Amino acid sequence: MRILTDPVLAERTTLRLGGAAIAEIILEDERDLDGLQVQLASLGGEALVLGEGSNVLAKDGRLPLVLVRLVQPGEPEVLETGRDFALIQVPAALRLPRLLAWCRSRGFGGLEQWTGIPGSVGGAVAMNAGSYGVEMVHVLEQVRIWTPTQGCVWKEAADMEFGYRRFDSGMDDALQIVVAIRLRLGLSTPSMIRNRMQQWYGRKKQTQPVTMASAGCVFKNPAPEQPAGKLLDQAGLRGFELGKMAFSDKHANFLVNLGGGSASDAFELLDMARERVWKHFGVALATEVRIIP
């Protein structure tokens, strides 16, 4: 276990925004979880499991938070293979791009639509991440979760509740840390998976700001047939800038940092977007991005 003081969230989030927290606790082994509560109590502040910092909009200034980061060296593990499936175990700290590259090299298919999604495996569970019709819940078998009262336990995905960018383990503890997961994937070939990944990434590159500092989609789609990006576009917000923050000119539901942006400008843009969409369409937009704190 290592502890860093005054960690800056702008250096730890994909949107490159956010002030300084009280401290960051880096857990280098699952056994470090045993001493986590003692450290949190001594440091004060609210615990925040940040992961890779995607899908996050953090406020400026001093933040009453203690960041918790699980570092797990190693690769996924193949637990079982059948005629048409592979069951794998994946550390929660593994980055999604690395997971996809590992699956591609072994011919394990089913996640190709996730190409271009940043973040960690644990974060993908917490948000039930998805893209082009494939969500985490569709491939998830089991989740290993740590809580202060129960320690580390495996839970069946079927016993948990998943929704649109939402996950509920059914456990009572406010602090929950995903430690590992088990996925059931299909079988293919590395070349076929590579081709599909290239196709999906090419599609995203045309329609999303994949190379810019962004937190992904900032608002949830009010309904499947009513994408938030379309409403924002029709309200005149595609490419709209405020300071160094903007709604992308490729996809109006992507908030991007043009370089040196501020959280205050970001929040002002979100408020403006909600107001315009409500005025034009009578639709109340809910944020998909996590607001911190």
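Just so you know, all these numbers are worked out from the coordinates, no wet-lab data involved. Bear in mind the structure is a predicted one, so any value in this text is a computation, not a measurement. Here the Cβ positions follow ideal geometry from the backbone for every residue, glycine too, while neighbour counts run over all protein chains shown.
Here the relative contact order of the chain, from alpha carbon pairs under 8 Å that lie six or more residues apart, stands at 18 percent. Extents of the range 77-207, largest first, come to 45, 36, 21 Å (Cα atoms, principal axes, whole angstrom). If you take all other residues with their beta carbon under 12 Å from the beta carbon of Pro148, and give Lys and Arg +1 and Asp and Glu -1, the sum is -3.
Taking N as the residue count of the range 162-249, its C-alpha radius of gyration divided by 2.2 N^0.38 Å amounts to 1.50.
For the chain, the alpha carbon positions stretch 52, 51, 31 Å along the principal axes, listed from largest to smallest. For the range 91-146, what percent of Cα pairs sit more than 15 Å apart? Cα-Cα pairs in the range 91-146 separated by more than 15 Å: 44 percent. Only Cα sites of the range 1-156 enter the Debye sum here, all with the same form factor; the resulting log10 I(q)/I(0) across q = 0.12 1/Å is -0.57, listed in q order.
Normalising by the residue count of the range 220-293, find the relative contact order in percent from Cα pairs under 8 Å and 6+ residues apart.
Numbers: 96 pairs, mean separation 20.9, N = 74.
This gives 28 percent for the range 220-293.
Simple rule: put +1 on each Lys or Arg Cβ and -1 on each Asp or Glu Cβ in the range 2-70, find the dipole, and look at Leu4, Gln39, Ala21; the Cα lying farthest toward the positive end is Ala21.
Take every Cα-Cα pair in the range 214-291 and report what % of them are more than 19 Å apart.
Working: 736 of 3003 pairs.
For the range 214-291, the share of Cα pairs beyond 19 Å comes to 25 percent.
What value, in deg cm²/dmol to 500, does the helix sum -39500 (n - 2.57) over DSSP H runs of n ≥ 4 give at 222 nm once divided by the residues of the chain? Computed mean residue ellipticity for the chain: -7000 deg cm²/dmol. In a reduced charge model with +1 at each Lys and Arg Cβ and -1 at each Asp and Glu Cβ, the chain shows a dipole moment near 1080 debye about its Cα centre.
About its Cα centre, how strong a charge dipole does the range 77-207 have in debye, to the nearest 20, once Lys and Arg get +1 and Asp and Glu get -1 at the Cβ?
Numbers: 16 positive and 12 negative charges, 175 e Å.
It works out to roughly 840 debye.
With the Kirkwood sum run over all distinct C-alpha pairs, the range 2-70 has a hydrodynamic radius of 12.0 Å.
How many angstrom lie between the C-alpha centres of the range 68-131 and the range 178-243? A separation of 17 Å, based on Cα centres.
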